[in-house]
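Undergrad: Structure in structure tokens, see below.
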Amino acid sequence: MKTVFFTGHREIKNDRETIQKLMATLQKLILDGATDFYAGGAIRWDTLCEKAVLVMRQNHFPHIKLHLVLPCPPDEQTARWHTSDRELYRKIFEAADSVEVLSEHYTNDCMKNRNARLAELGNVCVCYYDENRRRSGTAQTVCMAKKLGREILNIR
């Protein structure tokens, strides 16, 4: 069974082409048997992917599931976010099929632990990754996924 996880930079092209590539990739994965999608609840790319999974579930594939793997409690993860981003996060959180919170509080390594857990859970990594940005959480997660032999699908 294929399981999918997401990782990506906060700075993304949130344009029609990126969204179309993401939706086409998700559709292909679902038609190839993917049913479980794991996301880390981060702002921008994760949010875009989470929304895409929910749209696919609502409109075409009611059997697919969205699982959130959070580094710390939602109120701590979103503490510095804009109100609109926090509201969208809350809606996604409520629509998710499951939520796993890895740490009781924000810690220096909770994001890294979340990234490792995502790479452990999914066997396909759908990412928005700029290979020139080697010192980022996304680069770290893609590296973890490669070490685990995961398939990498870079939307960028």
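Undergrad: Which of the numbered conditions does ALA119 fail, given that it passes all the others? Conditions: (1) open to solvent by 40 Å² or more (accessible area, probe 1.4 Å); (2) part of a helix (DSSP H, G or I).
TA: (1)
Undergrad: Collect the residues in segment 118-145 that are among the charged types (D, E, K, R) and within 16 Å of LYS2 (Cα to Cα), keeping them in residue-number order.
TA: Looking only at segment 118-145, we keep the residues that are among the charged types (D, E, K, R), and these are 120, 130-131, 133-135.
Matches in segment 118-145: GLU120 only.
Undergrad: Moving to a separate point now. Condition first: under 21 Å from GLN20 (Cβ atoms), in a strand (DSSP E or B) and not aliphatic (A, V, I, L, M). Now tell me which residues in segment 31-61 satisfy that.
TA: Of everything in segment 31-61, just one residue is under 21 Å from GLN20 (Cβ atoms), in a strand (DSSP E or B) and not aliphatic (A, V, I, L, M), namely PHE37.
Undergrad: Quick one: which residue in GLU100, GLU87 is open to solvent by 20 Å² or more (accessible area, probe 1.4 Å) and either in a helix (DSSP H, G or I) or touching a residue at least 40 places away in the same chain (Cβ under 8 Å) (or both)?
TA: GLU87
Conditions (1) of a type in the set (Ser, Thr, Tyr); (2) closer than 15 Å to VAL99 by Cα; (3) touching an Asp or Glu at 6+ places or on another chain (Cβ under 9 Å); (4) open to solvent by 20 Å² or more (accessible area, probe 1.4 Å), marked per residue:
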{"residue": "GLU11", "(1), (2), (3), (4)": "no, no, yes, yes"}
{"residue": "THR18", "(1), (2), (3), (4)": "yes, no, no, no"}
{"residue": "LEU26", "(1), (2), (3), (4)": "no, no, no, no"}
{"residue": "ASP32", "(1), (2), (3), (4)": "no, no, no, yes"}
{"residue": "ALA39", "(1), (2), (3), (4)": "no, yes, yes, no"}
{"residue": "ILE43", "(1), (2), (3), (4)": "no, no, yes, yes"}
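Undergrad: Which ones in segment 62-84 are in a loop (DSSP other than H, G, I, E, B), under 17 Å from the mean Cα position of the chain (by Cα) and either more than 25 Å from ALA119 (Cβ to Cβ) or among the polar types (S, T, N, Q) (or both)? If you could, list the steps in order and put the result at the bottom.
TA: The first filter runs over segment 62-84 and keeps only residues in a loop (DSSP other than H, G, I, E, B), leaving 62-64, 71-73, 78-82.
Those still in the list that are under 17 Å from the mean Cα position of the chain (by Cα) too: 64, 71-73, 78.
Of everything in segment 62-84, just one residue is in a loop (DSSP other than H, G, I, E, B), under 17 Å from the mean Cα position of the chain (by Cα) and either more than 25 Å from ALA119 (Cβ to Cβ) or among the polar types (S, T, N, Q) (or both), namely THR78.
The values are calculated or read from the model by the stated rules, or taken from the named source; none is laboratory data. Everything quoted here is computed from the prediction, not taken from an experiment. Every residue, glycine as well, gets a Cβ built from its backbone with ideal geometry; the counts of neighbours run over all protein chains shown. Quick note on the areas: whole protein, heavy atoms, side chains included, nothing else; ligands and nucleic acids left out. Shrake-Rupley method; radii C 1.70, N 1.55, O 1.52, S 1.80 Å.
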